[in-house]
Structure formats: structure tokens, C-alpha cells
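To keep things clear, I will list the structure first and then write my remarks on it.
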Amino acid sequence: MLQTNLLAPGHADLVTHIVYDFYGERLATCSADQKIKIFRKTPQGTWDHETEWKAHDAPILHLSFAHPIHGSLLASSSHDRSVRIWEEPSGRERDGRWVERGVLTGAKGSVRSVQFGPPDPAYGLRVASISTDSYLRIYTSLDPSLNDWSLVHSIHVPSLPLPGNSDEIPPPAESAASTSELASGGWGLSWCKEKWWGSVLATFSGTSPTLKLVVLDPQPTSLIHLTPSGNGAAPLTSVAWAPSCGRSYHLLATGSRDGTVRIWRVEPPGERLRLDYDSEEEVKRSWTAECTGEFGKGGARVGMVDWNATGTTLTTSDDEGIVRIYKPTYAKSWKLLGQMTAEEPPSEEALNGHQ
Amino acid sequence: MAPGFSFAPPAAGSPFSFAPQNSVSQPSSSSRPPTSSFASSSASVPKAALQNTQAQDDMDEDHDGRAEDDEDAEVCHLQPAAYSQGGRGKWKATGRTMGIAVNPVGGEVASWVTKRPTGDPNRPSTLIQPELSVSDRTLYFASLHVLPDSLTNLYTESHLLFTSLQNIIAESLPQRRLTSGVDRVAETWDRRGNLIDAESLLAPPDAETITHMRRLMDLYLDNLNDLRGNQEVEPGLKARFNTSFNIMNLAEILYFPTDGKGEGFVGEELLDWVNDVDPAPDNSQGNDIMSTKNPWEHPSFWPYISRCILRGFHLPVASFLRTLSSHPHQPISKLATILAQHLAVFPRSSEERWRVDLEFLQAHKLWLAKFRAEFTNFVGGKARGKWFGEPKWATWEVDFRTVVELMEGKPNRILEEAADWREALGAWGVLVDVDMRRDHLPEIMTIILDKIPVDSTLLEDSIQSALCSADIVKALMGCYDFDVWLAAHLGDLLDKLELIPDDEERFETPLRDYFLLEYTDILQDNPNHSGFWRVVCDYLNFAGPEGRNRLRSHVVHVNIPIAKDVKGKNKESENTLFDDGMDVEQQESDDGIAVYYEIRAACEEFRLEEEFKIISQVLATRLTKKGDYGVAAILCAEAADGYSLSRIAEKILESYISYGREEFLRLVETLPPKLMSEAPTALAALQSDVTVSLPSDALFQSAGSVFASRLTFLSQFRDYLLFMQEGVRELAAARLLNLLTSGIAPVGFWAVLLMESITLLEDSDILFTSIETVELLRVLQDVLANASFAPEEYLGQLVLYLQRLAGEIEEKEKKTNGDKKSLGTEAALRKMDEVRLALGRNLARAVVVGFDNPF
């Protein structure tokens, strides 16, 4: 582990989120200063400022780049309860600022997370968001010029019934979430990067420790609920669905309020078996999962979790400001590979004292 | 510090230097970075500083099982630091924490200081100390693997060898099939074949293949050898190359014998290897001993002799012993002479005089018999301790006995004298079992290790001993802990000998594939990843099913650099090639196309049709955006992406609206002529087929239809413009009419075409017959009727067109306060009225004057 570079993005407030584009050649940053900035990688590996613009009327919380097959698109979500879709201007119209292609509203709270779905010709371009009202909202634009966005699904995450259980828990009346629930809750989502099983994503909301895997079509249905064993599991704070690279199983990482990072290994029903199922319903129920890694319990709240491109390295951050990198061994047990911290290194004298 | 551990604490100094503290020439003064450090928005780490640390870092890209415990994992301290040692609590209390993001290409980890969520998630978080420090304004980038140049060299060079090796094996497959089958290569290739039918079972590689493999292995070894001797390579890394060399060299001796069969004696080769890995005894010590007056009085005299015998340096021992001929005690000098004589003629299997192995064995047997006879004769039945007479010589007897027993090859003596297991093994094949063959090694290793266990803290030793004991899995796991490159390449070689047992019960991936995948992870996740994209393709392709799957996602993530800037509206691209401003862009664009062609070649080689389609589509989208329609159209055609093709056609048509005739004609010219010339034929074919309808704007339809109609339209509209330009107005009129009546014009363009018709209608000649005029009137009615409920769709283009025309007039007349923005649907409708008027007039003229006069 070695620091290779640094960049001063020049926001007027702290950075809230950054994302890389599909090729890792671009970086979008957003901040509490309501601005989005775009940087481009130089051949020397440094980052050049490309453009910036004020994107929301409140601090921006989350960003997501779309798959490049849809063009150069960025989604942002904010405390202003909206998701906005931005498109890079084409040569002639370019004056820096990206063009606003959509303002997706309807959320009754801050939109904590937003993410474009993987490319899937069957459904076109989709973007999912989750806000503190615990609704997972899926929007789409079939219009190629992206000016016409509509809400396809609106899912109250706590009301999603267990797989196989058709009795939907009725969504609570307005503002049912208590302030205490809000204060210790978390909201997040992550798409499955493969389209084989349809439009599938993982999401959690509020104070629940359960991660729900949902297939969106034709009707949003739970495939499996991932709940840590034992009582008193802490609410989730973050989730990342690893690129599966064609493996027969999926890996998902979650972070919790109590510092626990869990790695779930989720297995969809095998394709050969698929024919043997009596119904689609049964196929959906046949997802299995096990928790293959659990560490950090009792530590500081996990802030973010993220995978590398092959799903072989997991990076996490926590409220202590420590970044950890985990990797599985050949026997698939997870080990801590390294840590990063912005703490000043021990002085030379202290080091020498240790030796 | 553990050897090779990389999380070196950065030097206190400027925030841009991340060199470890123990590196030379690092100023260690002020620890607070100056706030004015960010002169530019992005600052790179000075190269020199990086190089100091790169080597160190990569030493442990594969730290062995570090504890799960945070306490034990090494820490990389990011610079500039956000808080001082022990200041974390205070820093946290201000509401700050760290965020992370991982680059999907290259694996770089970005981290930054962010706000911790506060009580109400609907409210923005706040900070207790809101003023931003340097660290608050910094994005930190770090990489798990940073490759120094020497590693990059090795990785690049060994790639070619690796692929050659795969090819050699692929070529040997047909001969190795136990029963011939058709087209089974692919199935047996990844060694899943172990489980499938007997037809695909493989014999181990034949001797010829193994000698080919050995030659390639020699080249791997040459690479390592160059690097371990290279003065520019950082010492720690050099040591690693050296160890890798030793391990691979040993594996070559044991598993890739010169003859390809491994039937010969292995003793001498092993001894050479031992002498290379751990040279002993020290020459200077020998000289030192010899230069003393009575060398035998030197304290190291006897130990030196033993070491020499163990290491096979028999002639020097003989000369050492000969010095004893001047020893005053006659029996001593006599025995020394006997030993020296026999040592000088000790038969070695490496001598060239043996025509067959048997000859050597007989010679050795004879030598031993003679030596024993003469020695027995010397001892003459004297009891132990009495060899040299008086008891005061008894200690001499001990030393002599050691030499004699070593010469006789007494196992216990060798195990006692050898400094470590390696030395014992080296001596074994020369002194004990002179007919030692590769098959005997595991058994001999058991005997040796029983007496001289391997120091398990020395990874190198345990790998080497496992190789000797034929414990391939243990050896490779050790290699993996030591160096992933070594594990991947050695694992690949050994796997090709069918030496790695499958353990499918416990693991999902075969060991070889696993190591290759781990290796590609390093190639993919480092700052120089882009230089390795093609290398990674090859390794993934040969790394089993998971490798193939990873290859699919790897190849689509390869960035194709295209120039960002568009050629401006009035810049004729062809003429500006030599423009200063264009050079760079052109260069970049050429690079991009070169990469694209490389990717295409790779996709063809690895049969990645689907992925290639996606790559082409994405690139076409980007080029379309950039305005490079010609190349984009070619790519769409390659990807059979009719939808994007029709988008391009629409874009070109829009250019007429927004920029006028010249730009339109220029863009149409950039389209591949083949596409243009084939479009009308394709369209005609489609139209003649009644089952194919041509809806104007459906999203998903066959690649051909929409684009064929769009292209035909583009081509005919171009003809119309050219006719107008050349003043051939009858032809222009005919073409315009055809455009409007054949149904190929997009509805949005109808109004624009109608407006075009005005000048033709007003021509002094009558260019439209009454019937034709009525046709045009019908189109006009359609436009007006539809515009009443969809004005944007039917008149939007015309409005834009009018706005541009108005803008141009303004510019001509240098008006500044024009109100072109106010031009809207109203203006378009007025224009339609003009059309109606012109049509009416033309109808009247045509009816009265025209040849189709009904009267």
C-alpha cells in the first residue's frame, strides 16, 4: 500500500462523495458546497480539473456514473430531496457545465444514495435511489435524448415481505419513522452488475440490520433477506455488490453501525436447475446465502465499503478515519491486507524506541 | 522491520514526498505541510520520491498471513496528515471521518475527509470546526501495488514467454491424447479434463515438449538473472529476484531435466545448485589457511576440508591434505597422502569420460573398493584411537576419521557435518548415493530432514525443501506467500506436468488458475495498469473459466483515448491536419484508433464477440458526441448497431438545421461511401417486402431498416442540395417532391422541406405539376393538422432553422438587439402560410399554363 498521488478538488466545503467513471479515467466529486466537479486523468496519472457546476440547492450526498453505453451520464442525489441526471455536453454546446437531463423528485426525505443500473437492453437505462423515507425508487428514460424520466417502481423497503411470502406488509402512514429511528438509521443500495437474473439490487433502510435482495420485474419481489445471525445486530450503513466476473456466486459486502463488516456469499439457483423448478416463484425463492466473513464488530461505525473491479479486494472506511483493505486467501478466508490513515506517522524517535 | 514489509512510514517533509523515513536524502525538518502547497489543482508525487518507495512497497504485494488483527497490519500514513499522533479523538469530535472510493480500473483507492452523519439524516451534517484544513481539501490516492521499473520489465518480458509456453503445450496436445478425439482441445485445456471422459485424458508431456519447456524456463531464469545482477535494482528487490531465481532454478533441475526424461543422475546438478545458492567455503579463508606456515595448525584447517568435501571441491582438499606430507609424525603424513591421492581421482558422474552411466558407477565402485583396501591396510587392524600410535595423536584420528567417512559417503557423517539440509542434499548425491535420481529425492529428503529440520521461518528454505520432497502444493503455496509472479509462472509450468493435484473438494479454482488470477490482479491493480491491458488478456485467457469470465469484463474496461475537442463548425478537418492546434488532438485520436484495432484483434483472438460489440457501440457513442460521425458510423456498422446508426443520421440532419448546407454536406461526405451507396438498395429491398413496415421512430428494430431509410434520406437530401447549388432546379424539385412523398423523410423535417420548396415554387419556370402541387398541399395539411396537437414534433425543427437563419441575418447586418429568441411556433406557422401561398400560386400557374392543363 502506497500513496501515489493527491488532489485538491477545491470545494468550498468537505467532499461528500466521489466516483470514478467506467474507465477510471474520470473522477466526479461532490460536496456540501452543492457543486459537482469533474476531473480527468492525465497520461502522467495526475488529475486535471475539467469542469464544475452548482448542481443542487442543498449539500450533495451521492454520485453515480452510468455505463458508457448510455453516454456520459452522471446522477447526483442531495439533501434537497431530488436526484438529478447530468449529461456531458457534446462538443458544440460545451461550456463546461453538464446539461441537466432530469430532476427526479418524489422523495420525502434526503436522497442518501443513487446508482445507475447495469446496461440491460430489456429495460433501458435505469437509475435507483433511496431516501430517508425508506422508499427505493427506480426511474427510467426510454427517450434517447434522456429528457423524459418516469418512475417505474417505488418500493417501501421495510414493507418488502420475506421471499415466498406474498402478504405485503402495508407501508406505514406518512412520517411513521420516528426521529430516533431516523437518527440511527442508514439507507443504501447497490445493483447486481449482471443482468442474467433480471434487474436485481440489494438495499437496506432505517434501523434494520437486514439487507434485502430485490428483483424488480415484473413486480418488485424479495429474492432473499440477509440477516446476521444472533440478536441485536446493528443497523446497516453501507452495501456494495461485487462485480461477479461471471462467477457462479455473488459477493456482497455490508458495513454496520457497530463496526461490523460482513461479506455475504450469495448463490442464485443454477441455470441447469432452473428448468426443474415448477414456477418462476420457486426460482426466486431458491437463492441461498451465507456470511463468509465477519470482522470489526464493536468498532467504529463503518462509513463506506467498496470492491475492486474483480471483486477480489474489499476496501472499507470507518468513523475512526481508518481505511482497511481485505482480501480472501486461497481457502476463502478473509484477511486484512493493509490499512491507511491520515494520522501523522509516528515520529522517528518513537519508531526507533520501538525497535 | 519484517523484510520487505511495505507500509513504510512516509517521511516528514513536504506533503508530496511519500518516501519512507529511512530513505536517503530526505529532509526531516518541518512536519506541517505548507498550506500553499496546492499550486495546481492536481499535484503529482515527485518521481524520485516515488522510486525510493516503490521497490519497498512491492516487496510485499503478497504479505503472508498477517494477522486478522488491526494491531498487526501495517499502516500507510497518508500525507498531508489530518491530525497528529494521538490526535484522532479530537479530530473525530469535530464531526470528521474518511470516505473511500475504489477505481474500477487500476484499483486505486481514493480517500478523503468527509462529514460524519449527524442526528438527523435529513439535515446536512455540520462540523464543530468548520474552517477547512489542508487535509480537508485533499483527495488521497493510494495503490496496493506500485511496480518499480525492474518489476515492470520482468512482467513484460515474461508475458511473451508465458504465451509461447501455452502455445507449445497446445501444439503438443494432439500427440498426448491417450485416445484420439475430435476438437477436444478446448475441453482438456483447462484440465477440467480430469473429470471428463477417458477420450480426453492426457498423457504427461513427452520428452521433447519438456525440453522445449526447459528452454523457456531458461529464458525466465535469464530474466531473473539479469535483474538480480542489475546494479540499478533496489537491494531488497534484488534479493527477491535472487531467491526467485534459486527456486525456479531448483524446479528446473528437478522437474525439467535436460533430457526431458529425468533418467540421469541428479547429484552433480543439485550440488552445483547448492554451491550457487549458498557458496561455501570461502576462498579467502582457504588462502588464509594455506598461507600459514603449517596450515594444519590453523583452527579452520579441518572444518574447511570437510566443507570442501561436502561441496564437491575434492582437488583443493587433496592439496590441503598434501601439506600434511611435511607433518613430522610419519603416520599422519602417510595417511594424508593416501587420502589426497584418492580424493584427486574421486570419480564424478559429471566427468565426460563416461560413455554410459554404468561405466561411472563401476568406476566409483572400484575407486571405493581400492580406497577402502588401502585405508584398511593403513589402519592395519589398529584399535580406535590408536591409528597414529601414541594417545596424543588421538584427536588427529578424529579429524581424519571425518574425512575418511565423508569420502566413503557414510550418511550419518554427512548429516553431522552438513551445515544445513541443503548442503547435506548436495553432498548426498556425490558422496552417498552416487546413483541418486530424481525419483529417490523424496525418500532421501525424509532421511535428511529427520536429522536437519528446515527452519520454518525461512520461507525460501521451506519452498526449496518442499520442491525436493515433491510436495508441489506446499512449495507453490510458499511461492505464493513469497512472490505472486513466481507462484503464477512456476505453478503454470508444474501444472503442465500434471503435477498439481486437484482439490476440488476444498477449493473452487485449481491452484494454477488461482495463482494466475492473483497475478493478473497485480497487473490490473497498479498505477501502470494501462500498459498491461493486453498482457492481462493473455493471462486471463489461459487462467481457466474464471479467467475467461474476468477477461470479458477486463476488455470492455480498456480505455480508448479519443480527443475530447470537436472540430469546430467551420474548420475543415482535412485542411487543418497540420495546424498546430490539431496535431495533438490528431495524435490522440490516432492513438485511440490504434488501441481500438488492438482491442479488435484481441476480441477476435479470444472470441469475445459480445464484448466487442459493446466496445464498438460505446466508442461510436463517444465519437458521435464528438461529431466524428464518419468513424462512428463505421463502428456502428461493425457492431451491427442500427439504432446508433440512425442516431448518427439524425445528428447529421440536425446539422443542416443548426449549421446549414455546408456543414451538412461536409458531414455526409465523412460517412463511408459504401454505406451511402448501399442504402437505397437496402431500402428498396426492405420496402418491396410487404411484411416489413418502416415506422419512423420505434426504438428497437432490425439494424438495417431504420438506418437504411435514414441514410437514403440523407443521400437524397444531399442530392437535392447539390442540384440546387448547381442550379439544376428541375432535378432539385423532383428530388424534393420525392423526399416528401416517399415517406422516408422524418416527420420533423417535413416543414423544413416545405419551406425549401418556396423558392422552387416561386421559380419563373413551373417546376411542379398541379398534381404534384396538390401532393405538397396534402403534406402541408398533414403538418398543420398534426402541429395543432404536437407542435414541437412537427414544427420544432423549422423553428430552430428559422432561428438560425434569423441569427445569420442579424450577424450580417451587425444587429445586436435582434429578437431571434422570440421566434417560435408562430413564426413557423407564418412560414407555413407562405408555403401555402406559394403552393396556391404554383397550382394556379400549373393549372393555367402547365402541360397538364385539364381544359
With labels modelled as points extended 7 Å from the Cα through the Cβ direction, what inter-label distance (nm, one decimal) is found for B:Leu160 paired with B:Asp763? 6.7
Mind giving me the nanometre distance, one decimal, between the label points for B:Val847 and B:Asn294, set 7 Å out from Cα along Cα→Cβ? 14.5
Which FRET efficiency value, to the nearest 0.05, do you get for B:Asp461 and B:Val747 by plugging their Cβ-Cβ distance into 1/(1 + (r/R0)^6) with R0 = 60 Å? 0.15
What's the Kirkwood radius of the stretch A:1-109 in Å, using all Cα pairs? 14.4
Around B:Thr114, which amide H atoms from residues at least 5 apart in sequence, or from another chain, sit under 5 Å from its own amide H, with H modelled in the peptide plane? B:Thr97, B:Met98, B:Gly99
Quick one: Cα convex hull volume of chain A, Å³ per residue? 173
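When a/c reaches 1.5 or more, the comparison of a/b and b/c decides; with that in mind, is the stretch B:271-436 rounded, prolate or oblate per its Cα gyration tensor?
Details: a/c = 1.73, a/b = 1.25, b/c = 1.39.
Oblate, since a/c reaches 1.5 and b/c is not below a/b.
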What span do the alpha-carbon atoms of the stretch B:224-331 cover on each of the three principal axes, reported in whole Å from largest to smallest? 52, 40, 15
Backbone HN-Hα couplings from phi across the stretch B:318-334 [Karplus 6.51/-1.76/1.60, Hz, Gly and Pro as x]: 4, 5, 4, 5, 4, 4, 6, 4, 8, 5, x, 7, 4, x, 4, 5, 5
So if I take the centroid of the Cα atoms in the stretch B:98-139 and the same for the stretch B:396-423, what is the distance between those two points in Å? 68
What FRET efficiency would be calculated for the residue pair A:Trp53, B:Asn122, taking the C-beta separation as r and a Förster radius of 30 Å, to the nearest 0.05? 0.80
Label points 7 Å out from Cα along the Cβ direction at A:Ala12 and B:Asp276: separation in nm? 6.8
If you plug each phi of the stretch B:270-287 into the Karplus form 6.51 cos²θ - 1.76 cosθ + 1.60 with θ = phi - 60°, what whole-Hz ³J(HN,Hα) values come out, in order, with x for Gly and Pro? 5, 5, 4, 4, 4, 5, 7, 5, 9, x, 6, x, 6, 4, 5, 5, x, 4
Starting at the first residue of the stretch B:828-840, write each ³J(HN,Hα) from the Karplus equation 6.51 cos²θ - 1.76 cosθ + 1.60 with θ = phi - 60°, in whole Hz, x for Gly and Pro. 5, 5, 4, 4, 5, 4, 4, 4, 4, 4, 4, 5, x
Taking 0.36 nm per intervening residue step and subtracting the Cα-Cα distance, what contour gain separates B:Arg176 from B:Val728 on full extension? 191.2 nm
Expressed in nm to one decimal, what extension gain is obtained for the pair B:Ser326 and B:Asp439 from 0.36 nm per residue of sequence separation less their Cα-Cα distance? 36.1 nm
Quick one: of B:Lys334/B:Lys382; A:Lys327/B:Lys90; A:Lys108/A:Lys195; B:Lys651/B:Lys674; A:Lys297/B:Lys92, which pairs are farther than 22 Å apart, Cα to Cα? A:Lys327/B:Lys90; A:Lys108/A:Lys195
Be a star and scan the stretch A:230-249 for residues whose amide nitrogen sits under 17 Å from the point 7 Å along the Cα-to-Cβ vector of B:Arg552. A:242-249
Using Cα springs under 10 Å in a Gaussian network model of chain A, which residue among A:Leu182, A:Leu251, A:Leu61 shows the largest mean-square fluctuation? A:Leu182
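Counting other Cβ atoms within 10 Å, keep those with at most 13, restrict to DSSP loop, and tell me which trypsin sites (Lys or Arg not before Pro) in the stretch B:259-367 are left. Spell out each step's value before the answer.
Details: sites: B:Lys261, B:Lys293, B:Arg307, B:Arg311, B:Arg322, B:Lys334, B:Arg348, B:Arg353, B:Arg355, B:Lys365; in loops: B:Lys261, B:Lys293, B:Arg311, B:Arg348, B:Arg353, B:Arg355.
Listed in order of number, the matching sites are B:Lys261, B:Lys293, B:Arg353, B:Arg355.
Where a number appears in this text, it was derived from the coordinates with a stated rule and is not lab data. Because the structure is a prediction, the values reported are computed rather than measured. As a convention, Cβ positions derive from the backbone with ideal geometry for all residues, glycine included, and neighbour counts pool all protein chains shown.
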